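Take a look at the structure set out below.
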Amino acid sequence: MKRKIIIDCDPGIDDSLAIMLALSSNDIEVLGITIVCGNSPVEMGFENAKKVLKQMNRLDIPVYIGASQPLKKEYISALDTHGSDGLGESFLENVEGYQLSLTAVEFLSKTLNQERCSVIALGPLTNLAHLIEVDEQAFNNIEMLVSMGGSYKAHGNCSPVAEYNYWEDPEAASLVYQQMSKLDRLIHMAGLDVTRKVVLTPNLLSYMERLDSDKGEFIRKITKYYFDFHWEWEHIIGCVINDPLAMAYFMQPDLCRGFKSYVQIETESLSRGQSIVDAYGYHRKKPNAYVLNEVDVEGIFELFFECLLHKKKDQLSLLHKLIVKEEQ
Ligand code: RIB
Ligand code: CA
């Protein structure tokens, strides 16, 4: 049985890589893609999702437009990181079609009331917060909720303490984490502590192109801008692929390790968007999150190359020589 998922995202360069990864897996059925404002304005994210689906020859997958604004805060994009088109200034042609029958929240509500389905949230949690508001039972039906967001001990990427998805809409993130508390369930938090350890380097990208020129060229097109950004701002040669890590974790959970903890998301002032991880239980609250803090980097890239490029392990002899592991 394939595991059914809805990808809630803000494409976005790394969102696009995560969508490609999911669509390449034989073990996953993507029921639909819901778009939320984040990296890109929601209409731009909608167009970008269709460009990725066209590249993957999967224009059968439905895409739905969600929130164009955070719950309370002013919308602030991350186009400075993802380029003016939200896809690394690849300026790919728009894809026609896609009559929009439902909104993202209507699709989430309908699907989660009918199917056993997980949600992989790769952007701000605004759509899921709206789902809680309009159809709490549908939200409660989510089989496994994985969120790329937050950070435990890693420094923030849009403030000293906050990761972008939770910073852009902190009220939404807070509502989702509170709901998990109410349900006595765990949201799987794939934050910067693990994603920062997975860097797609120029060597790995060249290797990808050698193994599959079509996909490799597409990935080069959409990541070039991201490489430049990472060098300029974080002095990293390559790019941190946050969202594909969250997707890989869902596909193969043993690639990461973590711990159960109560997590609360701050919403104001300097700590806006900070994920307060009460790892030692000071607040004596039941865990509402499974916080990832260790990752098998080589395992992630093995999965990424094998699945996305449809290669067997013995066809990837160079891979391990090319993976840059963070100094321990
Ligand atoms: O902070 C990184 C996250 O914010 C990623 O999901 C990226 O795509 C942006 O949405
Ligand atoms: Ca994202």
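Return the residue satisfying two criteria in turn: it lies in the range 239-267 and is away from ligand 2 (no atom under 16 Å from the Cβ), polar (S, T, N, Q) and open to solvent by less than 40 Å² (accessible area, probe 1.4 Å), and of such residues it is nearest to His155 (Cα to Cα). Taking the candidates together, the pick is Thr267.
Scanning the range 162-175 for residues that are away from ligand 2 (no atom under 15 Å from the Cβ) and open to solvent by less than 10 Å² (accessible area, probe 1.4 Å) yields a single hit, Pro170. Filtered by the rule that a residue be open to solvent by less than 30 Å² (accessible area, probe 1.4 Å) and of a type in the set (D, E, K, R), the range 50-65 gives Lys50, Lys51. The helices (runs of 4 or more DSSP H) falling completely within the range 223-328 that include 3 or more residues that are modelled with pLDDT of 95 or more and within 20 Å of Asp14 (Cα to Cα) map to 242-251, 297-308. For Tyr98, state whether it is closer than 30 Å to Arg116 by Cβ, among the hydroxyl-bearing types (Ser, Thr, Tyr) and assigned to a loop (DSSP other than H, G, I, E, B). The answer is yes for Tyr98.
With respect to being within 14 Å of ligand 1 (Cβ to nearest atom) and among the β-branched types (Val, Ile, Thr), Ile120 fits the description. Selection of the range 190-215 for residues being open to solvent by less than 60 Å² (accessible area, probe 1.4 Å) and without any contact (Cβ under 8 Å) to a residue 12 or more places away in the chain yields Ser206, Glu209. Please work out which residue is nearest to ligand 1 (Cβ to nearest atom), limiting yourself to the range 1-49 and to residues that are part of a loop (DSSP other than H, G, I, E, B) and surrounded by fewer than 20 Cβ atoms within 10 Å (Cβ to Cβ). By that ranking, first place goes to Pro41. The conditions of being at pLDDT below 95 and closer than 22 Å to Leu245 by Cβ are met by Thr81. Inspection of the range 230-238 identifies at least one residue that is within 20 Å of the chain's Cα centre (by Cα), surrounded by fewer than 23 Cβ atoms within 10 Å (Cβ to Cβ), more than 24 Å from Gln264 (Cβ to Cβ) and within 16 Å of ligand 2 (Cβ to nearest atom). When the criteria are applied in full, Ser90 meets the requirement of being touching a Lys or Arg at 6+ places or on another chain (Cβ under 9 Å) and within 16 Å of ligand 1 (Cβ to nearest atom). Glu171 fulfils the conditions (1) farther than 30 Å from Leu318 by Cα; (2) in a helix (DSSP H, G or I); (3) within 16 Å of ligand 1 (Cβ to nearest atom) except for a single criterion, (3). Pro124 meets the stated requirement of being under 26 Å from Ser174 (Cβ atoms), in contact with a Cys (Cβ under 8 Å, 6 or more places away or on another chain), at pLDDT 95 or above and not aromatic (Phe, Trp, Tyr).
Taking Leu270, is it open to solvent by 30 Å² or more (accessible area, probe 1.4 Å) and within 21 Å of Tyr164 (Cβ to Cβ)? Taking the combined requirement at face value, the residue satisfies it. A search for C-beta distances below 7 Å between a residue of the range 77-89 that is touching a residue at least 24 places away in the same chain (Cβ under 8 Å) and any residue that is open to solvent by 20 Å² or more (accessible area, probe 1.4 Å) and assigned to a loop (DSSP other than H, G, I, E, B), counting only pairs 6+ apart in sequence or on different chains, returns Ser77/Pro41; Gly83/Glu89; Asp85/Phe91.
Screening the range 1-28 for residues that are within 10 Å of ligand 2 (Cβ to nearest atom) and among the charged types (D, E, K, R) and picking the one that is nearest to the chain's Cα centre (by Cα) gives Asp15.
For the range 275-292, which residues satisfy the criterion of being open to solvent by 50 Å² or more (accessible area, probe 1.4 Å) and within 18 Å of the chain's Cα centre (by Cα)? Answer for the range 275-292, where residues must be open to solvent by 50 Å² or more (accessible area, probe 1.4 Å) and within 18 Å of the chain's Cα centre (by Cα): just Tyr290. Is it true that some residue in the range 131-144 is more than 9 Å from ligand 1 (Cβ to nearest atom), in a helix (DSSP H, G or I), surrounded by 24 or more Cβ atoms within 10 Å (Cβ to Cβ) and not aromatic (Phe, Trp, Tyr)? Looking for residues that are more than 9 Å from ligand 1 (Cβ to nearest atom), in a helix (DSSP H, G or I), surrounded by 24 or more Cβ atoms within 10 Å (Cβ to Cβ) and not aromatic (Phe, Trp, Tyr), one finds at least one in the range 131-144, hence yes.
The values are calculated or read from the model by the stated rules, or taken from the named source; none is laboratory data. Note that this is a predicted model, so its numbers are computed, not measured. Backbone-built Cβ (ideal geometry, glycine too); neighbour counts: all protein chains shown. Surface areas here come from the heavy atoms of the whole protein model, side chains and all, with no ligands, DNA or RNA. Shrake-Rupley method; radii C 1.70, N 1.55, O 1.52, S 1.80 Å.
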